[in-house]
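The values are calculated or read from the model by the stated rules, or taken from the named source; none is laboratory data. In this text the structure is predicted, and so the values were computed from the model without any measurement. Cβ atoms come from the backbone with ideal geometry, glycine included; neighbour counts cover every protein chain shown. What goes into the accessible areas is simple: the full protein's heavy atoms, side chains included, and nothing from ligands, DNA or RNA. Shrake-Rupley method; radii C 1.70, N 1.55, O 1.52, S 1.80 Å.
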Amino acid sequence: MVPGPLGLDPFVWLFLRLLIAVVLALVLILNGALVLIYLERKIQATMQDRIGPYHVGPFGLLQTFADALKLIAKEDFRAGQTDTAFFIAAPALVFSPMLASFVVIPFAPGIVGADLNIGLLYLATLGSMGVLGIVIAGWASNNKYSLVGGLRSAGQLISYEVPGILSLVTAVLVVGSLSMVRIAESQPGPFTNIFVIPLAFVTYFIAALAETNRTPFDLPEAESELVAGYLTEYSGMRWGTMLALTEYGNVTIVCAIMSTLWFGGWQGPGVDSGPVTGPVLGLLWFTLKTYAFILVFMWIRATLPRLRIDQLMSFCWKLLIPLTLLNLAVTATLLIAFPETKVPVAIANWILLGAFVLGLPLIQQRRLRRIRARLRERTIAAAPAS
Amino acid sequence: MSAGPSERGRRRLNTLAAVPDYNLSYFYVVVFFGAGAIFVAALLTVSGLVQPKKRTAEKARIYESGEEPVGPAWGRYPIHFYVFALLFVVFDVEVIFLFPWAVLFRDLGWYGLVEMGIFIFILVAGLFYAWRKEALKWF
Amino acid sequence: MSLDLIEPILFGLLALAIVGAGLGVVLAGRITTSALLMAFTFLNMAGMFVLLGAETIAAFQILIYVGAITVLILYGVMFTPQGPRAYGLFFQKQTTVGAVIAALAALPVMAVAFAFRDAGNVPPRGGDLVPLASSIFTDFAFPFEAASVLLLAAMIGAIVLVKRE
Amino acid sequence: MTTLVPLGAFIALSAALFFIGMAGVLVRRNAIVILMCVELMLNATNLAFVAFSRRLGLLDERGSVFVVFVFVVAAAEVAVGLAIVLAAYRNRPTVDVDEVTEMKG
């Protein structure tokens, strides 16, 4: 056991540290949700040429706080025909794995809940647990919208988990370790993993958008077609826990994973400067990187329309998964062929990324032409009858 | 994975004391899980204490955009959803082989690469079969 | 005060949860309760693997059993709705015979189980990913390839069964 | 040093779960619950494998390798088993194993 700081007894320090970690994680989630919802509304407003919240507090800063108070004071009734045990268990089932993901995130040099050997595998595992809560929520509500939302959501989440994990494995190939701390430490220079495997980053980014139910993949809660999907029957604070806290918590986690795996996490100028300034600067870099990704998520929400469910599934299974598998194979082959240098991997990855970005419109054009041709044939065939 | 942390990393471990022990690390995980459940329960309890409770027959009904709900939702659904779950399970099993391989693949070299290549090729053949059979269509 | 007894205590709690939830799976009247309790059993079993020092196996256990198989079974439950039925109808005609056979078989095995003793040299906890990988990809290369063929067979078989018109 | 749980306790727990699963397979008539119980039995054997592998010191990691293959088999078994249940359900809307008798000669 390690003696604590300030000469604390190791045994006391052990529990104190655990308590601090749990409280910090909870504060981070609550605070994150409050700040992120405010940011989201302000950014959406700016992009749509509106003002956004401005009544409560200066610049409307206290708006989400007021919303949270309202949610707590709101009645969360439960319809009579719901499946009681499932309905109550679902919010905890989606919240707990999300909270537990924070254990392995390295926030700064030396600041991590627990540096598990299998950190990345652990994160992938917890990501797969979230599906269960959503399916159960959809099933428990005994509502047709909820059930269809739950089924769709399960289909989407489990499908996009595959390319997400495959991209993570590609990053592991380059780094050679599953420990999040080791991964962050392995990218000291300005040449982080993003320069080596950019395609894996792009595929993970797409999968992460889908995993966190963000636009353009927010079908499970599509307000305009499914009311609110699996959330229809949830109201008051039950809804607040399931949607607001969990969604923004998950967004924070995938953005933290991205910044750790591809952008060096807390790495940045000055993290070696001293025992106090080092961690502080590290925390600053980490926060900046993570929030940059979150802002991109919000920008995407303001820009892209929602996909249709069949487009969503075929994009995943027919394009994303073959592409990530190809990327994995190419990366592994080149890493074994040239064990000394990462330059060939980087070149191959940039070429593949270029092919993906340029090829996507071409594939889309061909598909559209085929669909239009089929439609024309059908109208010609139907014309004589009318 | 047996190599210790780097010199720089070790210095940091001494400053802020990461959890050194295997058992303690997972103790943290368990506590975080429990804390999540307790936090949700506490939040809902607090909310339950301050919220109004006026139950009416209308509120107790399932919300389906104002229409009267017809029967329970637990009816028969088309089973092509199942194909995606099935494919996912197969690729999930692939993942449990990929993770150990990714950590060790430098030492395994070409031998391991060919092994994994064959494995993935066979699974991709299955994916291709599903594609041909139009099982990847979502109606 | 120290953490000496934490392992036996955790073992006791996990064992209680596993046996209780396992019995719940068998005895629960609602199939959804059975499914949820099954997932709970798997989760606790992962805790048991962690206690044994096999963290990788524990992660795989959650990834496969909780993340994949439980979802598959929930899909199965959703696609085969049953009308309201009496609780008793969920059990077979030979319930007593089956229970007695299981109990009779269990007793001697449970008695023998406690006879196993540790070998003394307990390996260090955790870090089992690398030895696992080196075993799979060297000594067990053939079963590994056979596994892919098994998965392919399962995939094709299930698609044929489901897609049949 | 923490007190170790004896190997026998793990094996006994594994046996207990195995027989609970076996009782479930013998007793229940809902096909999906029977599949769940088979999964419980497989999981019980996994516990025994891991316990022997970690504590007996004879097999190093090979017991754990076996567990990985059990995962593969379990996934394949559930996938095909549920597909059969769903296909049978389509012919006749029941998951009662006593009522599904079409395969009888």
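Descriptive notes on the structure:
- Residue within segment B:20-30 that is modelled with pLDDT of 80 or more and open to solvent by 30 Å² or more (accessible area, probe 1.4 Å) present: yes
- Number of residues in segment B:88-139 that are open to solvent by less than 10 Å² (accessible area, probe 1.4 Å), among the hydrophobic types (A, V, I, L, M, F, W, C) and either assigned to a helix (DSSP H, G or I) or without any contact (Cβ under 8 Å) to a residue 24 or more places away in the chain (or both): the value is 18.
- Exactly one residue among A:LEU166, A:LEU157, A:LEU178 is within 21 Å of the chain's Cα centre (by Cα) and outside any helix (DSSP H, G or I), and that residue is A:LEU178.
- Test for D:LEU26: is it surrounded by fewer than 20 Cβ atoms within 10 Å (Cβ to Cβ), within 15 Å of the chain's Cα centre (by Cα) and facing chain C (nearest Cβ under 7 Å): yes
- Selection status of A:LEU284, at pLDDT below 90 and in a helix (DSSP H, G or I): yes
- Subset of segment C:79-116 that is assigned to a loop (DSSP other than H, G, I, E, B) and modelled with pLDDT of 75 or more - its residue that is farthest from the other protein chains (Cβ to nearest Cβ): C:ALA115
- Taken residue by residue, segment A:132-145 has no member that is under 23 Å from B:PRO100 (Cβ atoms) and not in a loop (DSSP other than H, G, I, E, B).
- Among the residues of segment C:48-67, just one is at the interface with chain A (Cβ under 10 Å from one of its Cβ atoms), among the small types (Gly, Ala, Ser) and more than 15 Å from B:GLU94 (Cα to Cα), namely C:ALA58.
- Filter result (buried (at least 22 other Cβ atoms within 10 Å of the Cβ) and more than 21 Å from C:VAL100 (Cα to Cα)) within segment D:1-23: D:VAL5, D:LEU7, D:PHE10, D:ILE11
- Taken together, the residues in segment A:301-329 that are more than 25 Å from A:ARG367 (Cβ to Cβ) and more than 10 Å from chain B (Cβ to nearest Cβ) amount to 2.
- Candidates C:MET45, C:MET38, filtered to the one that is in contact (Cβ under 8 Å) with a residue 24 or more places away in the chain, open to solvent by less than 50 Å² (accessible area, probe 1.4 Å), out of contact with any Ser or Thr (no Cβ under 7 Å at 6 or more places or on another chain) and part of a helix (DSSP H, G or I): C:MET45
- The set of residues in segment A:273-310 being among the charged types (D, E, K, R), surrounded by 15 or more Cβ atoms within 10 Å (Cβ to Cβ) and more than 16 Å from the chain's Cα centre (by Cα) consists of A:ARG306 alone.
- Considering residues of segment A:250-263 that are within 14 Å of chain B (Cβ to nearest Cβ) and buried (at least 24 other Cβ atoms within 10 Å of the Cβ) only, the residue nearest to A:LEU26 (Cα to Cα): A:ILE253
- Test: residue in segment C:17-27 that is surrounded by 17 or more Cβ atoms within 10 Å (Cβ to Cβ) and closer than 16 Å to B:VAL30 by Cβ: yes
- Some residue of segment A:61-75 being charged (D, E, K, R), modelled with pLDDT under 80 and open to solvent by 20 Å² or more (accessible area, probe 1.4 Å): yes
- Residue count for segment A:156-192 satisfying the condition of being open to solvent by less than 10 Å² (accessible area, probe 1.4 Å), more than 26 Å from A:VAL131 (Cα to Cα), touching a residue at least 24 places away in the same chain (Cβ under 8 Å) and of a type in the set (S, T, N, Q): 1.
- Counted residues, segment A:118-129 - those being facing chain C (nearest Cβ under 9 Å) and within 19 Å of A:LEU245 (Cβ to Cβ): 3
- Odd one out for A:PRO91, checked against (1) assigned to a helix (DSSP H, G or I); (2) at the interface with chain C (Cβ under 9 Å from one of its Cβ atoms): (2)
- The test for being more than 12 Å from chain C (Cβ to nearest Cβ), in contact (Cβ under 8 Å) with a residue 60 or more places away in the chain and open to solvent by less than 10 Å² (accessible area, probe 1.4 Å) holds for A:VAL103.
- Which listed residue, of A:LEU39, A:LEU16, A:LEU8, A:LEU28, is modelled with pLDDT under 85 and either exposed (fewer than 12 other Cβ atoms within 10 Å of the Cβ) or closer than 23 Å to A:PHE286 by Cβ (or both): A:LEU28
- Only one of the numbered conditions (1) under 16 Å from the mean Cα position of the chain (by Cα); (2) closer than 18 Å to B:VAL30 by Cα; (3) β-branched (Val, Ile, Thr) is violated by C:ILE9, and that is (1).
- Residue within segment A:130-139 that is more than 8 Å from chain C (Cβ to nearest Cβ), surrounded by fewer than 22 Cβ atoms within 10 Å (Cβ to Cβ) and over 15 Å from the mean Cα position of the chain (by Cα) present: no
- Residue list for segment C:117-137, filter: at pLDDT 75 or above and within 8 Å of chain B (Cβ to nearest Cβ): C:LEU129, C:VAL130, C:LEU132, C:ALA133, C:SER134, C:ILE136, C:PHE137
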